[in-house]
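The values are calculated or read from the model by the stated rules, or taken from the named source; none is laboratory data. The structure displayed is predicted, hence computed values, not measured ones. A quick note on method: Cβ atoms are made from the backbone with ideal geometry, for glycine too, and the neighbour counts reach across all protein chains shown.
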Amino acid sequence: MAMITGRTRGGAEWTPEFVTALDAQRCIGCGRCYKVCPRDVFTLVERVEMVEDADDFDEDDEMMVMTVQNALDCIGCKACAAVCPKQCHTHEAAAA
């Protein structure tokens with residue numbers, strides 16, 4: 001199966017890589033990816049909702065982290081990964 005490809009304005013071939021996951025344990029909830037995303041792919045949630053070992057957190061720990069809310073709206077620009085200080089995002093090319 002062929003990968004989705006496009007062309008830059010200069011004519012070079014480009015393969016977009018779409019966000020597939022966000023590591024809630026690494027995320028610090030800074031919101032940079034949310035602010036830079038042109039398609040509202042991300043949303044803030046409480047970390048306890050996202051982390052499998054939620055028992056390890058105190059009840060007073062109300063830290064907010066980002067999560068992928070609308071993955072199908074991602075356009076593959078990877079701007080979120082470019083601004084993330086913790087490299088929380090996972091991207092993959094998609095088949096056409």
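Matching residues to (1) modelled with pLDDT of 95 or more; (2) of a type outside the set (Val, Ile, Thr); (3) surrounded by fewer than 13 Cβ atoms within 10 Å (Cβ to Cβ); (4) in contact with an Asp or Glu (Cβ under 6 Å, 6 or more places away or on another chain):
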residue	(1), (2), (3), (4)
22	yes, yes, no, no
25	no, yes, yes, no
37	yes, yes, no, no
48	no, no, no, no
54	no, yes, yes, no
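Name the pairs whose Cβ atoms lie under 9 Å apart, with the first residue in the range 60-81 and surrounded by fewer than 16 Cβ atoms within 10 Å (Cβ to Cβ), the second in a loop (DSSP other than H, G, I, E, B) and of a type in the set (D, E, K, R), and 6 or more positions between them or separate chains?
Here the result reads 69/40; 70/39; 70/40; 73/39; 73/40; 75/39, each pair linking the range 60-81 to a residue that is in a loop (DSSP other than H, G, I, E, B) and of a type in the set (D, E, K, R).
Report every pair of residues separated by at least 6 positions or lying on different chains whose Cβ atoms are under 8 Å apart, first residue within the range 23-43 and within 13 Å of residue 83 (Cβ to Cβ), second among the hydroxyl-bearing types (Ser, Thr, Tyr) and surrounded by 14 or more Cβ atoms within 10 Å (Cβ to Cβ).
Correct list of pairs: 42/34; 42/67.
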